[in-house]
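Some notes on the structure that comes next.
The values are calculated or read from the model by the stated rules, or taken from the named source; none is laboratory data. All figures in this text were calculated on a predicted structure; none of them were measured in a lab. All Cβ positions, even for glycine, are placed from backbone atoms using ideal geometry, and neighbour counts span all protein chains on display. Heavy atoms of the whole protein, side chains included, go into the accessibility calculation; ligands, DNA and RNA do not. Shrake-Rupley method; radii C 1.70, N 1.55, O 1.52, S 1.80 Å.
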Amino acid sequence: MTNQTVSSRRAFSLVLALTASFAGAEALAADASNAPALEEIIVTAEKRSENLQDVPISVVALSAQQIKDAGITDIRNLTILTPGLTVTSEGNEAITTARIRGIGTVGDNPGLESSVGVNIDGVYRPRNGVAFGDLGEIEQIEVLYGPQGELFGKNNDAGVINVTTKRPSNTFGVTAEVTGGNLNDREFRSSVTGPLNSIMSGRLYVGFEENSGFLQVNDGVGPSTQNNTNDRHAINGRGQLLITPSDDLEVLLIADYSKRIESCCGAVVEYPGPFQGLVNFFASTPIPGLGGKPGALGDSPLIGQPGVNRLPQSYLAYANQPAAQDVRDTGLSAQFDWNLGFGKFTSITAWRDFTVSGGNDVDYTGIDLFYFPNNGDANFTDFKQFSEELRLAGKEGALSWLVGSFFNNEILSTRTTGSIGNQFEGYLSSVASLAAGPPPGGGPPRANPFLISQITGTPYGSTFDGTGYDDGYQQTARSFALFTNETWNITQGLDLTFGLRGTEEKKTAVAAFNSIGGGPGCSALISPANVGKVITQPGNAAPFLIGYGCFSGLDPAFTGTGFNQSNTENNLSGTVKLAYHFNQDVMTYASLADGYKAGGYNLSRVTNAPSAKDPFGLAPDYNTHFPRETVDSGEVGIKTTLFDKTLRLNGALFYQRYKDFQLNTFTGVQFVVTSLDRVVSKGLDLDFAWATPITGLTFAGGVTQDLTNIDNFGNALPDFCGGPGNTACTHRNNDRLSFAPLWSGALSGTYQVPLSSTLTLRTSLEEKYNTSYNTGSDLDPRKIQSGFGLLNGRIGLGAPDESWAIEAWGANLANRYYYAVAFDSPFQYNTISSYLGESRTFGLTARVKFK
């Protein structure tokens, strides 16, 4: 039985279970007169406060209680309750990507903006990674499916994650919680709120979290001494001041700060390539100048053994260089809400500064090949952002109207430093000599660590040791938009909504490329004296010598150069929605919308394709602009509240067609940004909430069935063919976009029951299941993650008034091993490694609340 068959059956079983639940609800409806009804959910998906069931958009809304039960603290673990949503991190946790219905931005190039927008307390975050971190005290999270550009602006063409934190209260209160768990997990969170005087109230939240990480590390030849990675050490705080001078005016001031010092992220080899045995040879062989240590390992000892094509599942990573990140995020915002009588005026002004710096062993082995040094600001990314949104909304007769403007100014600065290790030259020489094939006298191919030294006539190690690059980029983006959203009540129960947004954006990108230190590197290989010796090497030696030894980071043609590019684009997007309320419990709608994600610049070294004048393809391409991504979408849906408001059942059918879909692909030596001519996402969303006849027992969940296919590859087709030799493009199983499971389901249940007048029991279970999907942007079948489910649970005892509680919890209780992202291992031909999802965690949490 295939994994796809098992995945399809499990997805079908989930749908069947949900259907059975609804059938049970109908059967029990007659006895449910005393059952608690579902609470009304108010959302701001259309920038107005509305009942969820009245909004003609596919939305999943999560309450504060659901979020607490599921242990959600950031946007990544939000996925456990949200079908059709995936959130992954790679390289470091500041490189985080959210995808909805299979659509999202791939890779860690800061020049690419997000397809899924994240708004926290009304403030847009320029990248998903900028929004990653402890969200603090959460009031509600809304996940909006499909293009939302008309109200939320650019870079929301797949959806929006809208987070609202708890506001200050006029009633004094203090909360505190302490958590301890495996992996040396220690957490503390606390808040205080209450009135400050007759017109002001405040709220202060602080949090602390640390753990030792779920990946063990073998440091190979050193110098790193780390034993673990993917750890956490974070502090954060948020202060809010709510000022209400009158019944018509409200001012909310927010200041937040977070700091994370982490080691992230390690990776493990899944499929070793033909030359991977060299890694352990260089780790353990103490040949003078090769840097090996007796008994050291560069990777799994199983590599190279007969019949081992895929390594066993392992949480052991190899890294000889330390991994460390220092993340700082701070922001200020001011929101004014003023009731003018004829309408409500809202202003949200915000300033944010986000910086991540650090380094990593980016060859992910225990030998010294290539790394990003953690030396001050040698590697950093900094976002500075100022935004202003103005809205005026009101109602006049049958017309509910809204007009607004949005201004955003963003300055992105990044520096990337890559250093070649002291074993790179010997390793590359050995790879090339093995690729050369059998020696002239016959016999098996032999590794020759001194091949480059023999070609250049220089001492071993003097060609590449200490070489590298030090590149700086700055991108400024300034955008301005005007938008409107009008809803006309044509007749009783029938509403027509029309919205438009016009946007102008100017982007400027500047780059400075520099080479650093050491020997001549690539220049020695392509010099007139040596290039003939390189290209006449037997077999496939030359492609490896040039491909690895002259990759863009070592390409001498970039030294001392750079680019200065600028582009202005204008866009008009809109939406039309027709909604009909059959009664107060049933609403149907149909909508058409378009959206866009801004074009930008590949903030990386880019080379031209090989040509007669440039046979190695080393000539720099200083035009790194890629076009805007656009989407046209349609959706029809139904929202129902049934059985005396005990069951909420919503569904939608959708179709989304993307043009010039922006794709970032890692080739094993560099990132390549291309545009897919056409991507289509189509399917259905179902979500429900059920307050059962059993007092205290509730269920919620949903299913997304989504076929997200690449309909036309355009010029990007070579990136999906498994290398230039595979002209038939037989490299992939299908054309489904990465991170796009055909089925995605989420199911949660909670049960709260009083044990006595002073003691309450509360339990919750959550499971998220995805059928198989590819985690690599090039759709290499080895990067497919088979269908899997993640199961979380919590059980607690506490006081009925929540003055205290003690809870035992666990996440990934089945300890499912799964890829977060699989990728081509740098400089390791035909080798696939992966960043892993977190292993099983569990612990205890104690909470107290004072009023």
Rg over Rh, two decimals, segment 123-222 (C-alpha only, Kirkwood Rh):
1.11
Tell me which of 665, 637, 680 sits at the most positive position along the dipole axis of segment 630-685, charges placed on C-beta atoms (Lys, Arg +1; Asp, Glu -1).
637
Cut-off 18 Å, label 7 Å out along Cα→Cβ of residue 337, residues of segment 143-180 by amide N
162-171
Give the lysines reachable from residue 533 as a straight Cα distance under 28 Å; neighbours fewer than 8 places away on the same chain don't count.
613
Can you put 210, 410, 767 in order of accessible area, largest first, using a 1.4 Å probe?
767, 210, 410
Over its Cα atoms, what ratio of radius of gyration to 2.2 N^0.38 Å does segment 627-687 give?
1.75
How large is the dipole of the chain about the Cα centre if only Lys and Arg carry +1 and Asp and Glu carry -1, each at its Cβ, rounded to the nearest 20 debye?
900 debye
Per the 1/(1 + (r/R0)^6) rule, R0 = 41 Å and r from the Cβ atoms of residue 50 and residue 259, FRET efficiency to 0.05 is 0.65
Obtain the nm distance between the two label points defined at residue 192 and residue 733 by a simple spin-label model: each point lies 7 Å from its Cα along the Cα-to-C-beta direction.
5.6 nm
Might you work out the accessible area of residue 186 for me, using a 1.4 Å probe with all protein chains in place, and round it to the nearest 10 Å²?
140 Å²
Taking the square root of 5 times each eigenvalue of the Cα gyration tensor, what semi-axes in Å does the equivalent ellipsoid of segment 391-467 have, largest first?
66, 19, 7
Value of relative contact order over segment 557-647, rounded to a whole percent, pairs C-alpha under 8 Å and six or more apart
32 percent
For residue 581, the accessible surface traced by a 1.4 Å probe with all protein chains present amounts, in square angstrom to the nearest 10, to 40 Å²
At a Förster radius of 56 Å, what calculated FRET efficiency corresponds to the Cβ-Cβ distance of residue 655 and residue 446, to the nearest 0.05?
0.45
Given the options 376, 418, 403, identify the residue whose Cα lies farthest towards the positive end of the charge dipole of segment 333-437 (+1 on Cβ of Lys, Arg; -1 on Cβ of Asp, Glu).
403
Once ligands and nucleic acids are excluded and a 1.4 Å probe is used, how much of residue 401 is accessible, expressed in Å² to the nearest 10?
40 Å²
Using only alpha carbon pairs under 8 Å that are at least six residues apart, calculate the relative contact order of the chain and give it in whole percent.
13 percent
Added length on full extension, which subtracts the Cα-Cα distance from 0.36 nm per residue, residue 454 to residue 684:
76.6 nm
Neighbourhood charge, 12 Å Cβ-Cβ cut-off, centred on residue 837 and excluding it, Lys, Arg +1 and Asp, Glu -1
+2
Output the 0 to 90 degree angle, nearest 10, between the alpha-carbon long axis of helix 424-435 and the longest principal axis computed from the alpha carbons of the chain.
80 degrees
For the chain, with the dipole built from +1 on Lys and Arg beta-carbon atoms and -1 on Asp and Glu ones, taken about the Cα centre, which of 772, 351, 542 lies farthest toward the positive end?
542
Taking only C-alpha pairs under 8 Å that are 6+ residues apart, what is the relative contact order of segment 448-552 in percent?
31 percent
Report the Cα centroid-to-centroid distance between segment 228-301 and segment 537-577 in angstrom, as an integer.
26 Å
Sorting check: for 587-597, 145-155, which peptide has the highest mean count of neighbouring beta carbons within 10 Å, and how do the rest follow?
145-155, 587-597
Once you have the alpha carbon radius of gyration of segment 178-329, what is it after dividing by 2.2 N^0.38 Å, with N set to its residue count?
1.65
For the chain, calculated [θ]222 nm from helices alone, where every DSSP H run of n ≥ 4 adds -39500 (n - 2.57)
-2500 deg cm²/dmol
Give the share of C-alpha pairs in each 5 angstrom bin for segment 517-672, from 0 to the last occupied bin, in whole percents, shortest bins first.
2, 7, 11, 12, 10, 9, 7, 7, 6, 6, 6, 5, 4, 4, 2, 1, 0, 0
I need the phi-derived Karplus couplings for segment 271-286: 6.51 cos²θ - 1.76 cosθ + 1.60, θ = phi - 60°, integer Hz, Gly and Pro marked x.
10, x, x, x, 9, 5, x, 5, 4, 6, 4, 6, 5, 9, 9, x
Contour excess over end-to-end distance, with Cα ends at residue 529 and residue 247 and 0.36 nm allotted per residue
93.2 nm
Multiplying the sequence separation of residue 844 and residue 536 by 0.36 nm and subtracting their Cα-Cα distance, what value in nm do you get?
104.4 nm
Residue 287 versus residue 401: modelled label distance in nm, points set 7 Å from Cα along the beta carbon direction:
8.0 nm
Beyond a 21 Å Cα-Cα separation, which of these cross-linked pairs lie in this structure: 166/597; 47/344; 68/849; 639/682?
166/597
Compare 338, 690, 804, 743 by solvent-accessible area with a 1.4 Å probe and give them largest first, with all protein chains kept in place.
338, 804, 743, 690
For residue 63 and residue 667, what is the calculated FRET efficiency with R₀ set at 45 Å and r taken between the beta-carbons, to the nearest 0.05?
0.55
Starting from one equal scatterer on each C-alpha and no solvent at all, send me the Debye-based log10 I(q)/I(0) for the chain at q = 0.09, 0.10 Å⁻¹, two decimals.
-0.92, -1.13
What translational diffusion coefficient, in µm²/s and rounded to a whole number, does the Stokes-Einstein relation yield for segment 223-270 at 10 °C and a viscosity of 1.306 mPa s, taking the hydrodynamic radius as the Kirkwood radius over Cα pairs?
107 µm²/s
